[in-house]
Amino acid sequence: MTRTTPIPTRVEQYRSAVLTTANQLTILRIVFVPVFIILLAYRELGWALGVFVLAGISDVLDGIIARRFGQKTSIGAALDPLADKLLMTTSILILALPQMGFQNTIPRWLMIIIIFRDLFIVLVSLITVLMVGWRKFLPSPYGKASTVLQVLTVLTVLYSNWKSAAVPELNILFYMTGFMTGLSGLHYLATGRRYWHFND
């Protein structure tokens, strides 16, 4: 008597397609966000720094796994940038609050530039979709440099607070991050305007 292999149901097929290893790492990164907030609120700066670093490692790993093992999914494409923005925006907001009493804080002007730039990109994307339909914006070198500088800013502020060290040189990093963040936003606008002009 032959034993037939059970055929996976549609739900099981969908679950296996969505809950890939890469997507699980992305979901883990989202779970890290409230943990990170709690650690900062209780001034467990060493642990908060560790969670931030782990989140960064998981971001690199899920990208490698998705490409190498063919685990790219539409869910992952939506969740990955969401996880990144949640962690970065949360980090910058909390580290900019003077009420937290940290020795080193991210200046409020930089926080405003970073958050406004993200909102601005969403607005440009929405206008582009409404005017010419869906368009894929490829990552620009300015956007990548801006992201690297923002991550470096958060890491440096976290580390200096953990070590209780005053670092006057942080201002140089703040200005570099602010400049590149603003430049990346303008570049995104120029890219969007090319689509609008093409439609005309």
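For the reader, a short list of remarks on this structure follows.
- Helices (runs of 4 or more DSSP H) contained entirely in the stretch 84-200, each with at least 3 residues that are modelled with pLDDT under 85 and either open to solvent by 50 Å² or more (accessible area, probe 1.4 Å) or touching a Gly at 6+ places or on another chain (Cβ under 9 Å) (or both): 108-132, 170-199
- Leu40 falls short on exactly one of the conditions (1) open to solvent by 60 Å² or more (accessible area, probe 1.4 Å); (2) under 24 Å from Gly101 (Cα atoms); (3) part of a helix (DSSP H, G or I), and that condition is (1).
- Across the stretch 62-74, the number of residues qualifying as surrounded by 15 or more Cβ atoms within 10 Å (Cβ to Cβ) and part of a helix (DSSP H, G or I) comes to 4.
The values are calculated or read from the model by the stated rules, or taken from the named source; none is laboratory data. None of these values were measured; they are calculated from a predicted model. As a convention, Cβ positions derive from the backbone with ideal geometry for all residues, glycine included, and neighbour counts pool all protein chains shown. The area values use the complete protein model at the heavy-atom level, side chains included, leaving out ligands, DNA and RNA. Shrake-Rupley method; radii C 1.70, N 1.55, O 1.52, S 1.80 Å.
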